[in-house]
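**Student:** Have a look at the structure that comes next, please.
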Ligand code: GLV
Ligand code: MN
Ligand code: MN
């Protein structure tokens with residue numbers, strides 16, 4: 001590609017930055033709470049309204065729009081018959097009270113990049129697609145990566161009926177209520193893609209600290225999610241002596257403190273988090289009979305991740321024994337550390353260098369659909385900075401001028417691949 005074409009794309013993005021800003025503000029209004037923060041679990045009313053908005057934008061940009069069996073939304077530019085194409089996007093769901101950039105930005109970056117390429121250069125040689133993946137966070141159902149597991153053919157059909165939200169509604173029921181056809185799960189699988197690129201906010205503070213414009217992701221950390229249940233005995237809080245109790249919450253509390261200490265002692269990048277707890281029966285004057293809690297454990301090295309999990313389970317067993325309660329573990333998700341594809345990493349790095357965009361190689365401590373997609377399709381990720389590293393919080397923020405370089409790298413890379 002000539003230098004002239006390169007600056008043309010970046011200049012066009014800068015001239016049209018208002019388009020990107022409007023996209024971000026509008027998408028961020030779906031599920032926004034009055035006090036700030038977004039709640040947009042998959043297949044909720046707010047999620048579906050955002051989905052319809054994206055479909056409208058894709059159609060306005062002249063893309064061919066379709067939703068697959070689980071509600072991943074695709075916008076196609078070019079002809080499928082031309083050969084294997086390239087897709088870019090991220091996830092539409094948000095964590096509870098999250099920000100407007102986690103997931104949403106990657107969809108909008110892809111939409112803007114493909115729209116601008118179409119406006120500047122017309123039909124591509126190979127098809128390009130924007131994708132809004134339906135779910136990544138696990139904010140409604142206990143299992144994560146619904147959208148990317150559907151397109152890679154790694155989502156077991158039984159899970160659609162077995163995985164249920166807090167109200168007992170299954171994935172399949174919720175998807176059907178939005179008009180999707182989860183019975184056709186197999187049809188969501190994509191074997192006709194030559195590559196996938198996901199732009200995402202970093203969600204950590206490295207780029208912001210060193211004031212570099214983009215991160216080129218080399219690998220994504222390994223994660224285990226599990227649910228731990230402590231089963232004790234409900235008893236009268238006034239008449240049951242302390243030494244005769246089987247208090248599930250005291251066991252959980254001991255376990256939580258020890259889990260934190262274990263990850264701290266292992267040192268960075270080991271992390272372990274108990275983020276959700278339910279207590280039954282949950283009354284002032286009843287000794288807690290049951291506690292169900294989630295544990296999120298991560299490490300970028302497989303053997304250290306295994307060691308962390310082993311230690312955490314042991315801490316739960318010890319706490320349970322001390323309080324005379326039972327403990328059981330359920331594995332919700334397990335992902336080994338994922339290497340991004342060298343050819344996409346090299347492409348993104350060369351493109352950033354050619355554009356004069358400062359960049360660094362990074363390892364992602366957050367999980368992403370890309371770690372699932374890369375198992376089947378060559379995949380890479382572009383990070384843009386997160387102000388003070390804040391994410392999974394309403395404080396999540398990236399100014400527009402720190403978003404544009406990432407979109408330029410994305411658009412340029414897609415141009416090289418497909419035009
Ligand atoms: C997803 O955002 C995760 O890392 O949990
Ligand atoms: Mn997230
Ligand atoms: Mn995300």
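**Student:** At 7 Å along Cα-to-Cβ for each site, give me the label-to-label distance between residue 35 and residue 324 in nm.
**Tutor:** 4.0
**Student:** Still on this model: Plugging the Kirkwood radius over Cα pairs into Stokes-Einstein for the stretch 226-335, at a temperature of 37 °C and a viscosity of 0.692 mPa s, what D comes out in µm²/s?
**Tutor:** Values: Rh = 14.3 Å.
Answer from the Stokes-Einstein relation: 229 µm²/s.
**Student:** Kirkwood hydrodynamic radius, the stretch 27-151, all distinct C-alpha pairs: what's the number in Å?
**Tutor:** 14.6
**Student:** What is the antiparallel percent of DSSP beta bridges lying wholly in the chain, to the nearest 5? Don't skip to the answer; put the middle values down first.
**Tutor:** On the way: 44 of 66 bridges.
In the chain, approximately 65 percent of DSSP beta bridges are antiparallel ones.
**Student:** Continuing with the same structure: What number results when the radius of gyration of the stretch 13-101, computed over Cα atoms, is divided by 2.2 N^0.38 Å?
**Tutor:** Details: Rg = 14.5 Å, N = 89, 2.2 N^0.38 = 12.1 Å.
So the stretch 13-101 has a normalised radius of gyration of 1.19.
**Student:** Across 5 Å bins from 0, what is the distribution of all Cα-Cα pair distances for the stretch 1-64, in whole percents?
**Tutor:** Reading upward from the zero bin: 3, 15, 17, 18, 16, 12, 9, 5, 4, 1.
**Student:** Across every pair of different alpha-carbon atoms, what Kirkwood hydrodynamic radius in Å does the stretch 88-143 reach?
**Tutor:** Working: mean 1/r = 0.0806 Å⁻¹.
Across the stretch 88-143, the inverse of the average 1/r is 12.4 Å.
**Student:** Need the full-extension length gain, residue 360 to residue 243, defined as separation in residues times 0.36 nm minus the C-alpha distance. One decimal, nm. Let's see the in-between values first.
**Tutor:** Values: separation 117, 0.36 × 117 = 42.12 nm, distance 5.68 nm.
Answer, rounded to one decimal: 36.4 nm.
**Student:** Please sort 219-226, 239-246, 156-163 by packing, taking for each peptide the average over its residues of neighbouring beta carbons within 10 angstrom, highest first.
**Tutor:** On the way: 219-226: 22.0, 239-246: 11.6, 156-163: 14.4.
Listed from highest to lowest mean packing, they are 219-226, 156-163, 239-246.
**Student:** Any chance you could give the angle, 0 to 90 degrees and rounded to 10, that helix 17-27 forms with the longest Cα principal axis of the chain?
**Tutor:** That works out to roughly 30 degrees.
**Student:** I've got another one for you. Where does each of 257-266, 378-387, 79-88 land if you order them by average Cβ count within 10 Å, highest first?
**Tutor:** On the way: 257-266: 15.8, 378-387: 25.0, 79-88: 17.3.
Going from most to least packed, we get 378-387, 79-88, 257-266.
**Student:** Could you pull the Rg and Dmax for the chain, using just the Cα atoms, both in Å?
**Tutor:** According to the Cα coordinates of the chain, Rg and Dmax are 22.7, 82 Å.
**Student:** Counting only C-alpha contacts under 8 Å and six or more residues apart, can you give the relative contact order of the chain as a whole percent?
**Tutor:** Numbers: 954 pairs, mean separation 93.2, N = 419.
So the answer I get is 22 percent.
**Student:** Using alpha carbons only, how many degrees (0 to 90, rounded to 10) separate the axis of helix 404-418 from the longest principal axis of the chain?
**Tutor:** 60
**Student:** Grab the eigenvalues of the alpha-carbon gyration tensor for the stretch 299-419, scale each by 5, take roots, and send me the semi-axes largest first in whole angstrom. Please report the intermediate quantities before stating the final value.
**Tutor:** Details: eigenvalues 300, 67, 26 Å².
For the stretch 299-419, the ellipsoid semi-axes come out as 39, 18, 11 Å.
**Student:** Just to be sure I understand: if I project the alpha-carbon convex hull of the stretch 298-363 onto a plane and average over all orientations, what area do I get in nm²?
**Tutor:** Dividing the Cα hull surface by four gives the mean projection, 6.5 nm².
**Student:** Compute the long axis of helix 342-355 from its Cα atoms, compare it with the longest principal axis of the Cα atoms of the chain, and write down the angle in degrees, 0 to 90, nearest 10.
**Tutor:** So the helix axis and the longest Cα principal axis differ by about 60 degrees.
**Student:** Let me know the volume per residue of the alpha-carbon convex hull for the stretch 163-288, in Å³.
**Tutor:** Numbers: hull volume 27.6 nm³, N = 126.
Spread over its residues, the Cα hull of the stretch 163-288 gives 219 Å³ apiece.
**Student:** If you restrict to DSSP beta bridges whose two residues both lie in the stretch 23-151, what percentage is antiparallel, to the nearest 5? Please report the intermediate quantities before stating the final value.
**Tutor:** Numbers: 11 of 17 bridges.
Here the antiparallel bridges make up roughly 65 percent for the stretch 23-151.
FYI, it's all coordinate maths here, none of it is from the lab. Note that this is a predicted model, so its numbers are computed, not measured. Cβ coordinates were reconstructed from backbone atoms using ideal geometry, including for glycine residues, and neighbour counts include every protein chain displayed.
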